[in-house]
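The values are calculated or read from the model by the stated rules, or taken from the named source; none is laboratory data. Note that the structure is a prediction, hence the values are computed from the model and not measured. No Cβ is skipped: glycine too gets one built from the backbone with ideal geometry, and neighbour counts run over all protein chains shown. With ligands, DNA and RNA removed, areas are computed over all heavy atoms of the protein, side chains included. Shrake-Rupley method; radii C 1.70, N 1.55, O 1.52, S 1.80 Å.
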Amino acid sequence: MKILVINSGSSSLKFELIDTETKKTLAKGICERIGISNQIFTYKNKVTGYNEIEKPTPMQDHKVAIQVVLEKLQDKTNGVISSMDDVDAIGHRVVHGGEYFDDAVLVNDDVIKKIEELADLAPLHNPANLMGIKVIQKLLPNTPQVVVFDTAFHQTMPDYAYRYPVPEEDYTELKVRKYGFHGTSHKFVSNRASELLGKKDSKIIVCHLGNGASISAVKDGKVIDTSMGLTPLAGVMMGTRCGDIDPAVPLYIMQKRNLSASETDTRLNKKSGLLGIFGKSSDFRDVQDAMINGDKRAKLAYEMFCYRVRSYIGSYIVALGGVDAIAFTGGIGENAFRAREGICRGLEFLGIELDYEKNKEMISGDVEYSKPTSKVKIYKIETAEELMIANDAARLVK
Ligand code: ADP
């Protein structure tokens, strides 16, 4: 089946057309700065290798952006399909599925209503995701649409893991609890780790480390705990997000600096994490480079990042009652050998033995980086969220 995967953000729209039989991407790209100024369109035809890089293209709203995408996919010279009839379904990434959804679903009016309702919990994401769904409904009314939720895979957590110790009515009335995010990646990577281990009943810790980062504990294919919470702000330290801190910190900063709730939110979401500590950039490569050049703040940012991931690994080994494999994924997890090294160093007493030399080698595909003697396997697994969304869409459409 040919599935068009759409990740619709407030001012950007990523797309990827995937053939689920061959697992190959036919074309992909991104519309950026939609509705702002100087909109740009990037497109790659993965069959011919044709690249259109950051081409200025007027896109005043999401409808026009999706029209640009559909036209390009059908373009006689650089397209990959002859008409939209060749596309079997559209798969949308939706951030928040709340407690309603523990799997992907076909879009209908009730699903749309629930995604709208959940905008309270994900005000920046769910309305933007919905824009993509609604535009496709208008432009391609006969093409089935499937939504895949970032939260769905985590719905298997037991109540004692997902509840917060706050007054009961904050859960029953306001739905305040841990949901977890990056679910599609955690599902794909834990499945793949299980395959590599050669057993279904397995205890796996997935470290998804990108700009956003989250850790999950997966037992026999089911999440039993994850580091992100009600929102993606919780858990490990990230590019610009603080992760876990004393919950009194934001209240104290608000009072002392005379900030509003939304200004405090911005401070913790956009100005903290690696950026807050290092000061110059949120990008892990910049942190590494500066650390190598002797920058003390960069070194502290790196050490804090590794320490905080390591603490989660320790906690999840206890939650799982052991661990068979630790799987690293995401831009940092897949590429930054220094991150894997800093996280795994000193964990030998737990049977976690990284092969420090091999770990330095950039090897494409899924790689085992543990020593042959290691009781716990350490993998680098390339995440494939778009392929997972396409597979879910194909499964539901079939
Ligand atoms: P997002 O959460 O936006 O999807 P990614 O998964 O793309 O993020 O990860 C981006 C992070 O990965 C950045 O901090 C970047 O510095 C880091 N990264 C990417 N490539 C490398 C590399 N070769 N070495 C170290 N870090 C890298």
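Any chance you could count how many residues in the stretch 370-398 are within 16 Å of the ligand (Cβ to nearest atom) and not in a helix (DSSP H, G or I)?
So in the stretch 370-398, the residues within 16 Å of the ligand (Cβ to nearest atom) come out as 380-389.
Cutting the leftovers down to not in a helix (DSSP H, G or I) gives us 380-384.
Number of matching residues: 5.
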- Note on the structure: Per the filter on the stretch 193-221, residues over 16 Å from I317 (Cα atoms) and within 16 Å of the ligand (Cβ to nearest atom) are H208, L209, G210, N211, G212, A213
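Restricting the search to the stretch 142-157, which residues are part of a strand (DSSP E or B) and either open to solvent by 30 Å² or more (accessible area, probe 1.4 Å) or under 16 Å from L230 (Cβ atoms) (or both)?
Result: F149, single match.
Does S227 satisfy the criteria of being over 23 Å from F149 (Cα atoms), within 16 Å of the ligand (Cβ to nearest atom) and under 20 Å from the mean Cα position of the chain (by Cα)?
On the way: over 23 Å from F149 (Cα atoms): no; within 16 Å of the ligand (Cβ to nearest atom): yes; under 20 Å from the mean Cα position of the chain (by Cα): yes.
It is false that S227 is over 23 Å from F149 (Cα atoms), within 16 Å of the ligand (Cβ to nearest atom) and under 20 Å from the mean Cα position of the chain (by Cα).
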- Message: Quick check on the stretch 86-112: of everything there that is more than 21 Å from the chain's Cα centre (by Cα) and of a type outside the set (A, V, I, L, M, F, W, C), which residue is surrounded by the most Cβ atoms within 10 Å (Cβ to Cβ)?
- Response: D88
- Among the residues of the stretch 282-301, the number that are open to solvent by 30 Å² or more (accessible area, probe 1.4 Å), closer than 20 Å to D244 by Cα and within 22 Å of the chain's Cα centre (by Cα) is 2
- Message: With the requirement that a residue be touching a helix residue (DSSP H, G or I) at 6+ places or on another chain (Cβ under 6 Å) and near the ligand (Cβ under 10 Å from one of its atoms), what does the stretch 260-289 give you?
- Response: L274, S282, F284, V287, Q288
- Query: Does the stretch 63-119 hold any residues that are of a type in the set (S, T, Y) and closer than 30 Å to H154 by Cα, and which are they?
  - Reply: Y100
- Message: Suppose we keep only residues that are touching a residue at least 40 places away in the same chain (Cβ under 8 Å) and of a type in the set (A, V, I, L, M, F, W, C) within the stretch 334-369. Which one would you say is farthest from the ligand (Cβ to nearest atom)?
- Response: I343
